[in-house]
Amino acid sequence: MSLCLIASLVGCGGVSHDAEVVPRDGTIKSVAIPMSDAIKTAIFLSLQGKVKPITFPDDPKGVVVPHHLLQADLIARTFSGLKGQHPDLVILVSPNHSHKILHPIYSTNTDMKTPFGTVVASPISTVLEKDCHVEIDPSFVGREYGITNLLPYILDAQWDVPVLSLVTSRNIEPQELDNLLSVINREAQGKKVLWIASIDFSHGLTGLDSRAKDAETLKWIEDRQYSKILSGGPEHLDNPSGLY
């Protein structure tokens, strides 16, 4: 699968909050700032029609995009650039920020409401529950900000297609991911699928250290070193499965 690496690689502080201030002087670590739903909504509205869309190849199969709203402008630019695409199915892969690890993969079969409309859940989630032991937990997925922070931007792209939301933990074996991908490919056969990897990079580091880790992560991606990607810790990225 060909991914367009759109996410800006910046330090993210290592704290499970919705936005962070990231100092650039390389001497102090980032400070986490929790965000209310009202602030998230205000940020989304403030960017409407005010960002320069990113130019994509003619037929992107997927993108990597941040979920921390410090980079909301980059999120908006990404989805604005994707508005001309016509997927039949969107697959949104998020890290598990809660560290609830009773199950390696969570999904939802329930539509998710936002202030801007409803995101329709893909029925493929029910198949994954049966064939891949994916845990269906709408409440849990609905609290995962790696998912929810991106939903207004997905709606704004006006694709009007189902979204398969996946929340993945770090304790996933490659065989589990291979089986998951096999079943998804089977169920989505004949459909145009757009993968969205919700990923933040280089957590809990100073500016200088984060740039060094980002260089390592980019090298892994360029060389398709999947074993290193999957074993990468939060100092590299928070969602290794999203790049598998």
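Nothing in this text is a laboratory measurement; each read-out follows from the coordinates by a stated rule. Everything quoted here is computed from the prediction, not taken from an experiment. Cβ coordinates were reconstructed from backbone atoms using ideal geometry, including for glycine residues, and neighbour counts include every protein chain displayed.
Taking the Cα centre of each part, how many Å lie between region 88-111 and region 193-244? Between the Cα centres of region 88-111 and region 193-244 lies a distance of 19 Å. Between the beta carbons of GLU222 and ASP73, assuming R0 = 45 Å, the FRET efficiency works out to 0.95 to the nearest 0.05. Between the amide H of ASN239 and those of ASP200, distances stay under 5 Å, these residues lying 5 or more places away or on another chain, with hydrogens modeled in the peptide plane. Using bins of 5 Å that start at zero, the share of Cα-Cα pairs per bin across region 126-244 amounts to 2, 9, 17, 20, 21, 17, 10, 4, 1, 0, in whole %. Structure remark: mean-square fluctuation, Gaussian network model of the chain, C-alpha springs under 10 Å; the largest value among ARG143, ARG77, ARG211 belongs to ARG143.
Would you mind counting up the charge near LYS52? Only other residues with Cβ under 12 Å from its Cβ, with Lys and Arg at +1 and Asp and Glu at -1.
Here the charged neighbours net out to +1.
If the segment from VAL120 to ILE39 were pulled out straight at 0.36 nm per residue, it would be longer than the present Cα-Cα gap by 26.8 nm.
For the pair ARG143 and ASP178, what calculated FRET efficiency results from E = 1/(1 + (r/R0)^6), where r is the Cβ-Cβ distance and R0 = 25 Å, to the nearest 0.05? Please list the in-between numbers first.
On the way: r = 28 Å, r/R0 = 1.13.
That gives a FRET efficiency of 0.35.
For the residues GLN85, GLN225, GLN71, a GNM of the chain with alpha-carbon springs under 10 Å puts the largest fluctuation on GLN225. Peptides 159-170, 44-55, 176-187 ranked from most to least packed by the mean count of surrounding Cβ atoms within 10 Å: 159-170, 176-187, 44-55. Calculated [222 nm] ellipticity per residue, helices only, for the chain: -9500 deg cm²/dmol; basis is -39500 (n - 2.57) per DSSP H run with n ≥ 4, divided by all residues, nearest 500.
Ratio of the chain's C-alpha Rg to 2.2 N^0.38 Å, to two decimals?
Working: Rg = 16.9 Å, N = 244, 2.2 N^0.38 = 17.8 Å.
Scaled against compact globular proteins, the figure is 0.95.
Of all the options ASN96, ASN109, ASN171, the one that moves most in a Gaussian network model of the chain with Cα springs shorter than 10 angstrom is ASN171. Kirkwood radius and radius of gyration were both taken over the C-alpha atoms of region 78-170, and their ratio Rg/Rh is 0.96.
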